[in-house]
1. Peptides 278-289, 309-320: what's the order by average Cβ count within 10 Å, highest mean first?
2. Compute a Gaussian network model of the chain, connecting alpha carbons closer than 10 Å, and tell me which residue from Met29, Met77, Met208 fluctuates the most.
3. Residue separation times 0.36 nm, minus the C-alpha to C-alpha distance between Met347 and Leu289: what's the value?
4. Is the shape of the range 105-231 rounded, prolate or oblate, going by the alpha carbon gyration tensor and its root eigenvalues a ≥ b ≥ c, with a/c under 1.5 for rounded and a/b larger than b/c for prolate?
5. Nearest 500 deg cm²/dmol is fine: what mean residue ellipticity at 222 nm does the chain get from its DSSP H runs of n ≥ 4 alone, each adding -39,500 (n - 2.57), divided by its residue count?
6. Residues of the chain: accessible area per residue at 1.4 Å, in Å²?
7. Using the crude model of +1 on Lys and Arg Cβ and -1 on Asp and Glu Cβ, and no other charge, please compute the dipole size for the chain relative to its Cα centre, in debye to 20.
8. Place the peptides 91-104, 62-75 in order of packing, highest mean first, counting for every residue the other Cβ atoms within 10 Å and averaging per peptide.
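The values are calculated or read from the model by the stated rules, or taken from the named source; none is laboratory data. Note that the structure is a prediction, hence the values are computed from the model and not measured. Methodologically, a virtual Cβ is constructed for each residue, glycine included, from the backbone with ideal geometry; neighbour enumeration extends over all protein chains shown. Calculation scope for accessible area: heavy atoms of the full protein, side chains included, ligands and nucleic acids excluded. Shrake-Rupley method; radii C 1.70, N 1.55, O 1.52, S 1.80 Å.
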Amino acid sequence: MTVLKLLSRTKLYWGLIAIFLICVLGSPMSSKGNNIFLSYGNLLDVLRQVSTTGLIATGMTAVIITGGIDLSVGSLMAICSVVCAMLLTVPGVTPGVVLGVPTVALVALCLGFVVTRFIFQNLAKSRAGADLLREIKLDGIRGLVTPAVVGVVLCCLSLWFLLPQIEPKFGVLGVLLVAPCVGLLFGALNGFIIVAGRLQPFIVTLAMMVTALGIARLTAGQNNAVLPVYTGSNATADFEILRSLVFGIIPMPGLFFLSAILIYGAVLRFTPFGRYVYAIGGNEEAARLSGIAAGRVKIATYAVSGLLAGIAAVLYVAQYRQGKPDAGAGLELDAIAAVVIGGTSLMGGRGSLTGTFCGVLIFGLLSNILQLHNINSNLQLVLKGMIIIGTVLVQERNAGDLLAYLRLPGGQSAHKETAAAKRPSQETPSLNLGGNKK
(Lines give C-alpha, C1' and ligand atoms only; values in the text may rest on other atoms or scores of the structure.)
Protein backbone atom coordinates (compact mmCIF):
# COMPACT_ATOMS: atom_id res chain seq x y z
CA MET A 1 0.00 0.00 0.00
CA THR A 2 1.46 3.34 -1.05
CA VAL A 3 1.63 6.32 1.26
CA LEU A 4 -0.94 8.21 -0.84
CA LYS A 5 -3.45 5.35 -0.60
CA LEU A 6 -2.90 5.12 3.15
CA LEU A 7 -3.45 8.86 3.54
CA SER A 8 -6.58 8.64 1.37
CA ARG A 9 -8.05 5.88 3.53
CA THR A 10 -7.27 7.68 6.78
CA LYS A 11 -8.08 11.23 5.64
CA LEU A 12 -11.00 11.48 8.04
CA TYR A 13 -8.77 10.78 11.05
CA TRP A 14 -6.21 13.27 9.81
CA GLY A 15 -9.00 15.79 9.47
CA LEU A 16 -10.04 15.18 13.09
CA ILE A 17 -6.43 15.52 14.26
CA ALA A 18 -6.05 18.75 12.25
CA ILE A 19 -9.22 20.23 13.78
CA PHE A 20 -8.00 19.25 17.25
CA LEU A 21 -4.59 20.88 16.70
CA ILE A 22 -6.25 24.04 15.35
CA CYS A 23 -8.40 24.18 18.48
CA VAL A 24 -5.35 23.73 20.72
CA LEU A 25 -3.30 26.41 18.95
CA GLY A 26 -6.23 28.81 18.59
CA SER A 27 -7.58 28.42 22.10
CA PRO A 28 -7.77 31.48 24.36
CA MET A 29 -5.82 31.44 27.62
CA SER A 30 -7.16 31.75 31.14
CA SER A 31 -5.98 34.44 33.56
CA LYS A 32 -3.47 31.92 34.90
CA GLY A 33 -2.05 31.27 31.43
CA ASN A 34 -3.66 27.83 30.98
CA ASN A 35 -5.05 26.60 27.66
CA ILE A 36 -8.84 26.75 28.10
CA PHE A 37 -9.59 24.26 25.31
CA LEU A 38 -7.32 21.59 26.81
CA SER A 39 -8.79 21.93 30.28
CA TYR A 40 -10.38 18.74 31.55
CA GLY A 41 -13.70 20.46 32.21
CA ASN A 42 -13.90 21.85 28.68
CA LEU A 43 -13.17 18.49 27.04
CA LEU A 44 -15.84 16.88 29.22
CA ASP A 45 -18.27 19.57 28.11
CA VAL A 46 -17.48 18.78 24.46
CA LEU A 47 -18.28 15.09 24.99
CA ARG A 48 -21.42 15.96 26.93
CA GLN A 49 -22.62 18.39 24.26
CA VAL A 50 -22.06 16.04 21.30
CA SER A 51 -23.73 13.06 22.98
CA THR A 52 -27.29 14.00 22.05
CA THR A 53 -26.42 14.65 18.41
CA GLY A 54 -24.14 11.60 18.44
CA LEU A 55 -26.91 9.22 19.54
CA ILE A 56 -29.20 10.45 16.79
CA ALA A 57 -26.37 10.33 14.22
CA THR A 58 -25.68 6.72 15.25
CA GLY A 59 -29.16 5.63 14.25
CA MET A 60 -29.12 7.89 11.19
CA THR A 61 -25.98 6.18 9.86
CA ALA A 62 -27.66 2.82 9.23
CA VAL A 63 -30.70 4.54 7.72
CA ILE A 64 -28.53 6.46 5.24
CA ILE A 65 -26.46 3.37 4.41
CA THR A 66 -29.69 1.68 3.24
CA GLY A 67 -30.23 4.64 0.92
CA GLY A 68 -32.86 6.31 3.11
CA ILE A 69 -33.13 9.43 5.24
CA ASP A 70 -34.88 10.24 8.50
CA LEU A 71 -35.99 13.85 8.93
CA SER A 72 -38.28 13.05 11.86
CA VAL A 73 -35.68 12.29 14.56
CA GLY A 74 -35.69 15.85 15.91
CA SER A 75 -39.46 15.84 16.38
CA LEU A 76 -39.35 12.30 17.82
CA MET A 77 -36.81 13.51 20.37
CA ALA A 78 -39.12 16.43 21.19
CA ILE A 79 -42.18 14.25 21.82
CA CYS A 80 -40.09 11.83 23.91
CA SER A 81 -38.71 14.73 25.97
CA VAL A 82 -42.25 15.92 26.70
CA VAL A 83 -43.37 12.42 27.72
CA CYS A 84 -40.26 12.00 29.90
CA ALA A 85 -40.71 15.36 31.68
CA MET A 86 -44.43 14.78 32.22
CA LEU A 87 -43.90 11.30 33.68
CA LEU A 88 -41.24 12.64 36.05
CA THR A 89 -43.12 15.70 37.33
CA VAL A 90 -46.89 15.11 37.08
CA PRO A 91 -48.54 12.31 39.11
CA GLY A 92 -51.62 10.41 38.02
CA VAL A 93 -53.03 9.74 34.57
CA THR A 94 -51.65 12.36 32.19
CA PRO A 95 -51.32 12.60 28.39
CA GLY A 96 -47.76 11.33 28.85
CA VAL A 97 -49.04 8.22 30.60
CA VAL A 98 -51.80 7.68 28.03
CA LEU A 99 -49.24 7.86 25.23
CA GLY A 100 -46.33 6.12 26.92
CA VAL A 101 -47.61 3.14 28.90
CA PRO A 102 -49.72 1.53 26.11
CA THR A 103 -46.79 2.08 23.75
CA VAL A 104 -44.46 0.11 26.04
CA ALA A 105 -47.01 -2.71 26.26
CA LEU A 106 -47.38 -2.83 22.47
CA VAL A 107 -43.61 -2.73 21.90
CA ALA A 108 -43.05 -5.49 24.48
CA LEU A 109 -45.70 -7.66 22.81
CA CYS A 110 -44.28 -7.19 19.32
CA LEU A 111 -40.62 -7.57 20.35
CA GLY A 112 -41.37 -10.73 22.30
CA PHE A 113 -43.15 -12.24 19.31
CA VAL A 114 -40.57 -11.19 16.70
CA VAL A 115 -37.47 -12.10 18.71
CA THR A 116 -38.81 -15.50 19.77
CA ARG A 117 -39.83 -16.37 16.22
CA PHE A 118 -36.43 -15.17 14.96
CA ILE A 119 -34.65 -17.46 17.44
CA PHE A 120 -36.74 -20.49 16.48
CA GLN A 121 -36.21 -19.82 12.78
CA ASN A 122 -32.44 -19.56 13.12
CA LEU A 123 -32.29 -22.70 15.25
CA ALA A 124 -34.23 -24.52 12.54
CA LYS A 125 -31.85 -23.22 9.88
CA SER A 126 -28.78 -24.32 11.81
CA ARG A 127 -30.17 -27.82 12.34
CA ALA A 128 -31.18 -28.16 8.71
CA GLY A 129 -27.95 -26.66 7.43
CA ALA A 130 -30.01 -24.36 5.22
CA ASP A 131 -28.85 -21.18 3.58
CA LEU A 132 -29.28 -18.26 5.98
CA LEU A 133 -31.04 -16.24 3.29
CA ARG A 134 -33.78 -18.82 2.75
CA GLU A 135 -36.98 -18.70 4.76
CA ILE A 136 -37.91 -21.81 6.74
CA LYS A 137 -41.53 -22.49 7.62
CA LEU A 138 -42.16 -23.20 11.30
CA ASP A 139 -44.95 -25.30 12.76
CA GLY A 140 -47.84 -23.68 14.63
CA ILE A 141 -46.29 -24.12 18.08
CA ARG A 142 -42.89 -22.55 17.31
CA GLY A 143 -44.10 -20.13 14.65
CA LEU A 144 -47.16 -18.67 16.37
CA VAL A 145 -48.17 -19.98 19.79
CA THR A 146 -44.84 -19.77 21.65
CA PRO A 147 -43.86 -16.32 20.25
CA ALA A 148 -47.34 -15.01 21.14
CA VAL A 149 -47.08 -16.36 24.69
CA VAL A 150 -43.64 -14.79 25.15
CA GLY A 151 -44.95 -11.47 23.83
CA VAL A 152 -47.94 -11.52 26.19
CA VAL A 153 -45.68 -12.36 29.16
CA LEU A 154 -43.34 -9.46 28.37
CA CYS A 155 -46.33 -7.17 27.93
CA CYS A 156 -47.70 -8.15 31.34
CA LEU A 157 -44.30 -7.73 32.99
CA SER A 158 -43.91 -4.24 31.54
CA LEU A 159 -47.36 -3.22 32.79
CA TRP A 160 -46.63 -4.75 36.20
CA PHE A 161 -43.50 -2.57 36.39
CA LEU A 162 -45.02 0.67 35.08
CA LEU A 163 -48.58 0.84 36.50
CA PRO A 164 -47.51 1.27 40.16
CA GLN A 165 -45.42 4.30 39.14
CA ILE A 166 -48.31 6.27 37.67
CA GLU A 167 -49.67 7.73 40.90
CA PRO A 168 -46.42 8.64 42.73
CA LYS A 169 -44.61 9.75 39.51
CA PHE A 170 -42.10 7.77 37.47
CA GLY A 171 -38.49 7.03 38.36
CA VAL A 172 -35.32 6.87 36.28
CA LEU A 173 -35.80 3.30 35.04
CA GLY A 174 -39.42 4.02 34.17
CA VAL A 175 -38.65 6.95 31.86
CA LEU A 176 -35.65 5.10 30.39
CA LEU A 177 -38.12 2.40 29.37
CA VAL A 178 -41.06 4.52 28.22
CA ALA A 179 -39.37 7.30 26.22
CA PRO A 180 -37.21 5.01 24.01
CA CYS A 181 -40.24 2.78 23.36
CA VAL A 182 -42.22 5.80 22.17
CA GLY A 183 -39.39 6.71 19.81
CA LEU A 184 -39.09 3.11 18.62
CA LEU A 185 -42.80 2.89 17.81
CA PHE A 186 -42.80 6.09 15.74
CA GLY A 187 -39.57 5.04 14.01
CA ALA A 188 -40.98 1.62 13.15
CA LEU A 189 -44.11 3.34 11.82
CA ASN A 190 -41.85 5.40 9.55
CA GLY A 191 -40.24 2.26 8.18
CA PHE A 192 -43.53 0.41 7.78
CA ILE A 193 -45.11 3.23 5.75
CA ILE A 194 -42.00 3.52 3.56
CA VAL A 195 -41.89 -0.22 2.86
CA ALA A 196 -45.62 -1.00 2.63
CA GLY A 197 -46.53 2.18 0.75
CA ARG A 198 -43.39 2.13 -1.42
CA LEU A 199 -42.91 5.81 -0.72
CA GLN A 200 -39.79 7.96 -0.66
CA PRO A 201 -38.23 8.13 2.84
CA PHE A 202 -37.85 11.90 2.46
CA ILE A 203 -41.60 12.42 2.10
CA VAL A 204 -42.63 9.97 4.82
CA THR A 205 -40.18 11.23 7.44
CA LEU A 206 -40.98 14.84 6.56
CA ALA A 207 -44.67 14.12 7.20
CA MET A 208 -43.74 12.34 10.45
CA MET A 209 -41.63 15.33 11.51
CA VAL A 210 -44.67 17.60 11.29
CA THR A 211 -47.01 15.03 12.84
CA ALA A 212 -44.75 14.28 15.80
CA LEU A 213 -44.31 18.00 16.45
CA GLY A 214 -48.08 18.39 16.62
CA ILE A 215 -48.43 15.39 18.94
CA ALA A 216 -45.68 16.79 21.18
CA ARG A 217 -47.54 20.11 21.50
CA LEU A 218 -50.86 18.38 22.16
CA THR A 219 -49.24 16.17 24.81
CA ALA A 220 -47.58 19.11 26.56
CA GLY A 221 -50.74 21.23 26.40
CA GLN A 222 -51.21 24.71 25.01
CA ASN A 223 -50.12 26.38 28.26
CA ASN A 224 -46.93 24.33 28.65
CA ALA A 225 -44.27 25.53 26.23
CA VAL A 226 -41.69 24.17 28.69
CA LEU A 227 -42.06 21.41 31.29
CA PRO A 228 -39.42 22.15 33.99
CA VAL A 229 -37.76 19.22 35.75
CA TYR A 230 -36.09 19.93 39.12
CA THR A 231 -34.51 16.84 40.63
CA GLY A 232 -35.26 16.51 44.33
CA SER A 233 -38.16 18.96 44.02
CA ASN A 234 -40.83 18.11 41.46
CA ALA A 235 -38.95 15.02 40.22
CA THR A 236 -37.09 12.16 41.85
CA ALA A 237 -33.58 13.00 43.06
CA ASP A 238 -32.27 9.81 41.43
CA PHE A 239 -32.72 11.42 38.00
CA GLU A 240 -29.59 13.47 38.75
CA ILE A 241 -27.53 10.35 38.02
CA LEU A 242 -28.00 10.96 34.28
CA ARG A 243 -26.03 14.23 34.65
CA SER A 244 -23.23 12.79 36.78
CA LEU A 245 -19.71 11.64 35.97
CA VAL A 246 -19.20 7.87 35.86
CA PHE A 247 -16.32 7.10 38.25
CA GLY A 248 -15.60 10.83 38.13
CA ILE A 249 -14.15 10.42 34.62
CA ILE A 250 -16.76 10.39 31.86
CA PRO A 251 -20.17 12.10 31.78
CA MET A 252 -23.16 9.78 31.71
CA PRO A 253 -24.46 11.10 28.33
CA GLY A 254 -21.02 10.40 26.83
CA LEU A 255 -21.19 6.83 28.16
CA PHE A 256 -24.54 6.29 26.44
CA PHE A 257 -23.15 7.70 23.18
CA LEU A 258 -19.97 5.61 23.24
CA SER A 259 -21.93 2.46 24.12
CA ALA A 260 -24.35 3.05 21.24
CA ILE A 261 -21.46 3.57 18.79
CA LEU A 262 -19.67 0.39 19.93
CA ILE A 263 -22.73 -1.86 20.04
CA TYR A 264 -24.38 -0.71 16.81
CA GLY A 265 -20.99 -0.57 15.09
CA ALA A 266 -20.35 -4.20 16.02
CA VAL A 267 -23.82 -5.15 14.76
CA LEU A 268 -23.24 -3.48 11.39
CA ARG A 269 -19.77 -4.93 10.97
CA PHE A 270 -20.00 -8.48 12.29
CA THR A 271 -23.60 -9.67 11.92
CA PRO A 272 -25.74 -10.75 8.94
CA PHE A 273 -28.04 -7.80 9.69
CA GLY A 274 -25.16 -5.41 9.05
CA ARG A 275 -24.30 -7.12 5.77
CA TYR A 276 -27.92 -6.87 4.69
CA VAL A 277 -27.93 -3.13 5.47
CA TYR A 278 -24.94 -2.56 3.17
CA ALA A 279 -26.37 -4.85 0.49
CA ILE A 280 -29.67 -2.97 0.43
CA GLY A 281 -27.87 0.35 0.13
CA GLY A 282 -25.67 -0.94 -2.67
CA ASN A 283 -28.49 -2.45 -4.75
CA GLU A 284 -31.86 -3.06 -3.13
CA GLU A 285 -33.30 -5.02 -6.04
CA ALA A 286 -30.30 -7.36 -6.13
CA ALA A 287 -30.63 -7.81 -2.37
CA ARG A 288 -34.28 -8.81 -2.74
CA LEU A 289 -33.47 -11.28 -5.52
CA SER A 290 -30.80 -12.79 -3.26
CA GLY A 291 -33.43 -13.60 -0.65
CA ILE A 292 -32.84 -10.73 1.80
CA ALA A 293 -35.99 -9.48 3.53
CA ALA A 294 -35.18 -5.89 2.59
CA GLY A 295 -38.43 -4.52 3.99
CA ARG A 296 -37.86 -5.95 7.46
CA VAL A 297 -34.28 -4.70 7.55
CA LYS A 298 -35.32 -1.17 6.58
CA ILE A 299 -38.10 -1.13 9.19
CA ALA A 300 -35.55 -2.25 11.80
CA THR A 301 -33.12 0.57 10.91
CA TYR A 302 -35.84 3.22 11.25
CA ALA A 303 -37.03 1.64 14.51
CA VAL A 304 -33.50 1.78 15.97
CA SER A 305 -33.19 5.39 14.81
CA GLY A 306 -36.35 6.26 16.75
CA LEU A 307 -35.16 4.26 19.77
CA LEU A 308 -31.90 6.22 19.96
CA ALA A 309 -33.84 9.49 19.56
CA GLY A 310 -35.88 8.47 22.62
CA ILE A 311 -32.72 7.79 24.66
CA ALA A 312 -31.31 11.14 23.53
CA ALA A 313 -34.53 12.81 24.74
CA VAL A 314 -34.12 11.42 28.27
CA LEU A 315 -30.53 12.68 28.38
CA TYR A 316 -31.69 16.06 27.06
CA VAL A 317 -34.22 16.35 29.88
CA ALA A 318 -31.56 15.41 32.43
CA GLN A 319 -29.02 17.88 31.05
CA TYR A 320 -31.27 20.89 30.44
CA ARG A 321 -33.82 20.11 33.20
CA GLN A 322 -36.80 20.52 30.91
CA GLY A 323 -38.95 18.90 28.27
CA LYS A 324 -40.00 20.97 25.25
CA PRO A 325 -42.19 20.32 22.19
CA ASP A 326 -39.46 21.89 20.07
CA ALA A 327 -36.49 20.38 21.90
CA GLY A 328 -35.02 18.71 18.81
CA ALA A 329 -35.63 21.48 16.28
CA GLY A 330 -32.95 21.29 13.59
CA LEU A 331 -31.17 18.38 15.28
CA GLU A 332 -31.86 16.06 12.34
CA LEU A 333 -29.79 18.36 10.11
CA ASP A 334 -26.83 18.30 12.53
CA ALA A 335 -27.03 14.50 12.67
CA ILE A 336 -27.14 14.15 8.87
CA ALA A 337 -24.22 16.57 8.54
CA ALA A 338 -22.14 14.59 11.05
CA VAL A 339 -22.91 11.33 9.23
CA VAL A 340 -21.96 12.80 5.84
CA ILE A 341 -18.77 14.36 7.21
CA GLY A 342 -17.96 10.89 8.58
CA GLY A 343 -17.84 9.51 5.04
CA THR A 344 -21.26 7.88 4.73
CA SER A 345 -22.60 8.30 1.20
CA LEU A 346 -26.08 9.77 0.82
CA MET A 347 -26.50 7.38 -2.13
CA GLY A 348 -26.28 4.44 0.28
CA GLY A 349 -24.09 1.35 0.47
CA ARG A 350 -21.03 3.03 1.98
CA GLY A 351 -20.23 4.31 5.45
CA SER A 352 -19.33 3.32 8.99
CA LEU A 353 -20.04 4.30 12.56
CA THR A 354 -16.34 4.93 13.11
CA GLY A 355 -16.59 7.69 10.53
CA THR A 356 -19.78 9.00 12.16
CA PHE A 357 -17.99 9.15 15.50
CA CYS A 358 -15.23 11.26 13.92
CA GLY A 359 -17.80 13.45 12.18
CA VAL A 360 -19.63 14.11 15.45
CA LEU A 361 -16.37 15.01 17.19
CA ILE A 362 -15.32 17.32 14.34
CA PHE A 363 -18.59 19.19 14.64
CA GLY A 364 -18.33 19.30 18.43
CA LEU A 365 -14.74 20.59 18.46
CA LEU A 366 -15.53 23.19 15.83
CA SER A 367 -18.54 24.49 17.76
CA ASN A 368 -16.56 24.56 20.99
CA ILE A 369 -13.63 26.62 19.68
CA LEU A 370 -16.02 29.08 18.01
CA GLN A 371 -17.91 29.49 21.28
CA LEU A 372 -14.69 30.00 23.21
CA HIS A 373 -13.90 32.90 20.89
CA ASN A 374 -17.48 34.24 21.22
CA ILE A 375 -18.07 34.01 17.46
CA ASN A 376 -21.53 35.16 16.40
CA SER A 377 -23.93 32.20 16.26
CA ASN A 378 -25.08 33.14 12.76
CA LEU A 379 -21.49 33.14 11.52
CA GLN A 380 -21.05 29.72 13.11
CA LEU A 381 -23.89 28.41 10.96
CA VAL A 382 -22.25 29.86 7.83
CA LEU A 383 -18.93 28.21 8.67
CA LYS A 384 -20.61 24.86 9.38
CA GLY A 385 -22.43 24.99 6.05
CA MET A 386 -19.20 25.66 4.18
CA ILE A 387 -17.47 22.77 5.95
CA ILE A 388 -20.32 20.40 5.04
CA ILE A 389 -20.16 21.36 1.36
CA GLY A 390 -16.37 21.03 1.23
CA THR A 391 -16.40 17.68 3.03
CA VAL A 392 -19.03 16.18 0.73
CA LEU A 393 -17.08 17.33 -2.33
CA VAL A 394 -13.98 15.56 -1.01
CA GLN A 395 -15.83 12.42 0.14
CA GLU A 396 -17.68 12.00 -3.15
CA ARG A 397 -14.52 12.89 -5.14
CA ASN A 398 -16.30 15.66 -7.02
CA ALA A 399 -13.86 18.43 -6.09
CA GLY A 400 -11.99 17.91 -9.37
CA ASP A 401 -15.22 18.39 -11.33
CA LEU A 402 -15.85 21.67 -9.53
CA LEU A 403 -12.30 22.92 -10.17
CA ALA A 404 -12.55 21.96 -13.85
CA TYR A 405 -15.90 23.71 -14.17
CA LEU A 406 -14.44 26.86 -12.64
CA ARG A 407 -11.28 26.37 -14.78
CA LEU A 408 -9.00 26.55 -11.77
CA PRO A 409 -5.45 25.10 -11.69
CA GLY A 410 -5.40 21.35 -11.05
CA GLY A 411 -8.98 20.91 -12.08
CA GLN A 412 -8.41 19.34 -15.52
CA SER A 413 -6.35 16.35 -14.37
CA ALA A 414 -8.56 15.79 -11.36
CA HIS A 415 -11.60 15.91 -13.62
CA LYS A 416 -10.12 13.19 -15.86
CA GLU A 417 -9.34 10.98 -12.87
CA THR A 418 -12.85 11.43 -11.48
CA ALA A 419 -14.43 10.67 -14.85
CA ALA A 420 -12.33 7.51 -15.17
CA ALA A 421 -13.32 6.42 -11.67
CA LYS A 422 -17.01 6.98 -12.49
CA ARG A 423 -16.85 5.14 -15.85
CA PRO A 424 -19.01 2.02 -15.59
CA SER A 425 -17.17 -1.25 -15.39
CA GLN A 426 -17.63 -3.90 -18.10
CA GLU A 427 -17.64 -6.65 -15.50
CA THR A 428 -20.86 -8.19 -14.29
CA PRO A 429 -21.88 -6.55 -10.99
CA SER A 430 -22.05 -8.82 -7.96
CA LEU A 431 -23.89 -8.44 -4.69
CA ASN A 432 -21.66 -7.35 -1.81
CA LEU A 433 -23.10 -8.62 1.47
CA GLY A 434 -20.17 -7.37 3.51
CA GLY A 435 -20.49 -3.67 2.85
CA ASN A 436 -17.79 -1.50 1.35
CA LYS A 437 -14.46 -2.81 2.57
CA LYS A 438 -12.33 -0.43 0.55
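1. Averaged packing, sorted descending, gives the order 309-320, 278-289.
2. Top of the fluctuation ranking is Met29.
3. Roughly 18.9 nm would be gained on extension.
4. oblate
5. Computed ellipticity for the chain at 222 nm equals -23000 deg cm²/dmol.
6. Heavy-atom SASA per residue in the chain reads 51 Å².
7. I would put it at about 980 debye.
8. Descending packing order for the listed peptides: 62-75, 91-104.
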